[in-house]
Structure formats: C-alpha cells, structure tokens
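Reviewing the structure listed below.
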Amino acid sequence: PLGVSLGRLKQYPEAVAAAEAAIRLEPDDASYRLHHCDLELAMSKYQQAIAACGEALRLAPDMTAAHRMLGSAYLALEQYDQAAGAYRRCAQLSPDDTECRGGLGRAQYLDYDFEDAIAAFEQLLRLHPDDHAASNWLGRSYQGLDRHEDALPHLQAAVAAQPDNAAYLLDLGIVLVDLGKTEEAMEVQRRLASLDSKRAANLETYVDNAR
C-alpha cells in the first residue's frame, strides 16, 4: 500500500493521509488502523497513536502488535500503569514476544513496581539468556529494592556483553559503591572517564558521598 511505502521513506504526513484514505475505503480493516498507529508513533504523536491503536483493537481485540504499540505510546507519555496493562495483554497473547516482556518490565520499573519488574525481566531472560538490556534492567530492579548482592551479577553480565556501554558501567559502579567495593567502583569510574565524562563525574561524586 502507498501508506506503507511512504512511511518507509519517512514521508509521514503523506503516509498518514494515505492511511486515512485507506481506512475510509476499508473501515473494518484493522490492519490499516494499525499502520496509522505505527505512523503516529513514528512522529511521536502519542495521543493520536493511542486513538488509532484503540480503533484497531476495537476491530481486532487480540491483535498483538496493537497492544505492543499501545504500550509504547503510553510508556512515552509516562502513563506507566496503562503501559503495563497493554504490554501485559501483549505478553499473554504472544508469550515469546520479547518487546512485550521488555516493555512490561520497563513500565513496572518506572512505576516503582520493582517486584513485578523482576518477574518480567526474569521471564524475558529465560526466553533470551543473552539479552544484555534485560540483564541490566533486572539488576536495576533488584537495586531498586536495595538488594545489591542480587543486582550485582546481572549488572556485571550486562557490562560483560557491552563493555563500552557507559550507562551499564554507571549502574555497575553504583551498586559496587553500595556494596562497599570502593576500589572496584573507582576502576569502573576510570573506564567511564574515557567514554562519558558526565557519567564518570556522577560516579565519582557518588563514591565521594559514600565515604
């Protein structure tokens, strides 16, 4: 369809117009409404995306992709409870969908629901043990509960998978400080200094405040 081709070219206003024309011709075709939702997401028009996904789900309540996109829109708007609900339904419909599981965990973490976030990321890692982002989020979720010893191996696994990821290094450095491993934290800080001076300064301050 024309709307899909225009979307791939990032000609979003023209793609939306084409999608809306297709909807007028085939108002009961949920796939056109789903594509409209996808385009609105690409333009960061999250309220419009929510409306479009809602229309797709009205026609096809079990459309996994629509629940996933709905979760993304709610997450971007920091409406974490609604995001978690959408991602949870997505995961129920498609248990192996890593985006749904990861989105659910992130929404729960950002809503300070650390216990449920841990469950979501553990399930994701059972499906994909090498998912370094899930390892990092799992470590952060344990850290949110002050379970530093539980957090440490997951944060270490994330850094092992991506040694130059400054965000992962900062998370690891913080938990090392919280565990009283100051020398190891300073080694992480030195690695950070060559990658991200701002994060390196933040970790150095965290170390100083803990002394």
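The values are calculated or read from the model by the stated rules, or taken from the named source; none is laboratory data. None of the values given here were measured: they were computed from a predicted structure. Positions of Cβ are generated from backbone atoms using ideal geometry, with glycine treated the same way; all protein chains shown enter the neighbour counts. To get the accessible areas, we keep the full protein, side chains included, count just its heavy atoms, and leave off ligands, DNA and RNA. Shrake-Rupley method; radii C 1.70, N 1.55, O 1.52, S 1.80 Å.
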Checklist entry - With a sphere of radius 14 Å drawn around the Cβ of Thr182, what net charge do the other residues whose Cβ falls strictly inside it have (Lys, Arg +1; Asp, Glu -1)? => result -3
Next on the checklist: Within the chain, what whole-number % of the accessible surface is contributed by carbon and sulfur, with the 1.4 Å probe and all protein chains included in the calculation?
Outcome noted: 47
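Give the value in nm², to one decimal: projected area of the alpha carbon convex hull of the chain, averaged over all directions.
Working: hull surface 51.5 nm².
Projected over every direction and averaged, the Cα hull of the chain covers 12.9 nm².
Where in segment 37-124 are there GluC sites (Glu not before Pro) that are in a DSSP coil and have at most 13 other Cβ atoms within 10 angstrom of their Cβ? Numbers along the way, then the final one.
Numbers: sites: Glu40, Glu55, Glu78, Glu99, Glu115, Glu122; in loops: Glu78.
Here the sparse-neighbourhood loop sites are Glu78.
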Checklist entry - Which whole-number percent of Cα pairs in segment 146-211 have a distance greater than 15 Å? => result 42
Item to check | Separation in nanometres of the label points that stand 7 Å from Cα toward Cβ, at Asp29 and Gln162 | outcome: 3.8
Item to check | GNM top mover of Gly103, Gly180, Gly71 - the chain, alpha-carbon springs below 10 Å | outcome: Gly180
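What accessible area per residue, rounded to a whole number of Å², is obtained for the chain using a probe radius of 1.4 Å?
On the way: 10830 Å² over 211 residues.
For the chain, the per-residue accessible area is 51 Å².
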Checklist entry - So how much accessible area does Asp178 have, in Å² to the nearest 10, using a 1.4 Å probe? => result 60
Next on the checklist: Once each part is reduced to its C-alpha centroid, what is the distance from segment 104-136 to segment 36-89 in angstrom?
Outcome noted: 20
Item to check | Theoretical gain in end-to-end length, Leu59 to Asp150 [0.36 nm per residue, Cα-Cα removed] | outcome: 28.4 nm
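Report the gain in length on full extension from Ser194 to Tyr112: 0.36 nm times residue separation, minus Cα-Cα distance, nm rounded to one decimal. Mind showing how you got there, number by number?
Working: separation 82, 0.36 × 82 = 29.52 nm, distance 3.20 nm.
Between Ser194 and Tyr112, full extension yields 26.3 nm more.
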Item to check | Derived scalar couplings ³J(HN,Hα) [segment 129-141; Karplus, 6.51 cos²θ - 1.76 cosθ + 1.60; whole Hz; x for Gly, Pro] | outcome: x, 9, 6, 5, 5, 5, 4, 5, 4, 5, x, 5, 5
Checklist outcome for this item: For segment 102-211, shape from the Cα gyration tensor axes a ≥ b ≥ c, cut at a/c of 1.5 then a/b versus b/c, turns out prolate
Item to check | Rounded to the nearest 10 Å², the accessible area of Asp131 at probe 1.4 Å | outcome: 40
